[in-house]
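Below you'll find the structure, written out as structure tokens, and then a few comments.
The values are calculated or read from the model by the stated rules, or taken from the named source; none is laboratory data. On a predicted model such as this, the values are computed, not experimentally measured, just so you know. Glycine gets a Cβ as well: all are built from the backbone with ideal geometry, and neighbour counts include every protein chain shown. Ligands, DNA and RNA are excluded from the accessible area calculation, which covers all protein heavy atoms including side chains. Shrake-Rupley method; radii C 1.70, N 1.55, O 1.52, S 1.80 Å.
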Amino acid sequence: AAPAALAQTAPDTLRHLPPGTDFVLHEYTGAYSGYVLGHNSRGTEEYAERYHIDGSGRLIGVIAHIQGVVAHPNHVAGFNAYRVAASGLPDALIGSKQLFYGDLDLSGEPMLVRFSAPVAVADSFFVSFNVGDYSHGGYDGDDVALLAGPDGSRTETGGGSFGQNAVRLHNHGVRDWADLYTQNFTPVATHLALFPIVELANATAGEEAPAIVSMDLTLRAAYPNPARGAATVAFELAAPADVRVDLYDVAGRLVRGTDLGA
């Protein structure tokens, strides 16, 4: 099974890489050149990560971390969502958003991309970054890639899990997907820096919001959400403890941290 995302309150950004991870621009060595998750001499075009939720919800968009240089700002990149096929690889396209290369944030910082319309999802789904069909030329000077965690940042179980992330090879006849870890010529045991924003079904805000329960702590979603200025974070302790509350935005950036003491 896919590793559980770190947070699933709604709306929330699901992540297989925790905040603070040092993202990497993976490059080919040996027979191929270029980026493992971007433009390269192999001609691979699209890179996908599978996520799992309990139940159903609406996929609103993604947070992407991208780096590179652009020579042709009018070329088009895509952010997509797919169902999961019986093979464990991406299947039917269910949502998308296209952006010009010139509108990509290439700083490596979190970039918010909202799909053209929210997408209904349940159980497992893929999100992807597509650099387009550059194999036939006309992209000289464009070198763009998706960032990822360091090689080995997947757990042993995740690293051996077929279809945790996938790569699509250039093919005009069919969408030719392969497992990134076991079928790619340069296997990288990592997770992509591509994080879906999901609103779970039947979720509410405020004190009745779904809680994350861990040992002696019950933590509820911040409200109001979205918020400008003041927000409330509700939590309950089953035993005395030293408490610090950290509040992050949907891009994983720390908004405020407060030490409350004992």
Near pairs, Cβ below 8 angstrom, 6+ apart or cross-chain, from the range 77-93 (buried (at least 20 other Cβ atoms within 10 Å of the Cβ)) to any residue that is among the hydroxyl-bearing types (Ser, Thr, Tyr) and not in a strand (DSSP E or B) | ALA77/TYR101
Residue tally, condition closer than 25 Å to ALA86 by Cα, at pLDDT 85 or above and open to solvent by 80 Å² or more (accessible area, probe 1.4 Å), over the range 1-30 | 0
For the range 199-224, which residues satisfy the criterion of being more than 22 Å from ALA262 (Cα to Cα) and at pLDDT 70 or above?
-> GLU199, LEU200, ALA201, TYR223, PRO224
Members of the range 172-201 that are surrounded by fewer than 20 Cβ atoms within 10 Å (Cβ to Cβ) and assigned to a strand (DSSP E or B) = ASP176, ALA178, ASP179, GLU199, LEU200
Among the candidates ASP91, ASP12, which residue alone is over 24 Å from TYR248 (Cβ atoms) and either more than 13 Å from the chain's Cα centre (by Cα) or of a type outside the set (Lys, Arg) (or both)?
-> ASP91
Checked pairs for the range 214-243, first of a type outside the set (A, V, I, L, M) and loosely packed, with under 10 Cβ neighbours inside 10 Å, second part of a loop (DSSP other than H, G, I, E, B) and modelled with pLDDT of 75 or more, C-beta under 7 Å and 6 or more apart or across chains, list as PRO240/ALA262; ASP242/ALA262
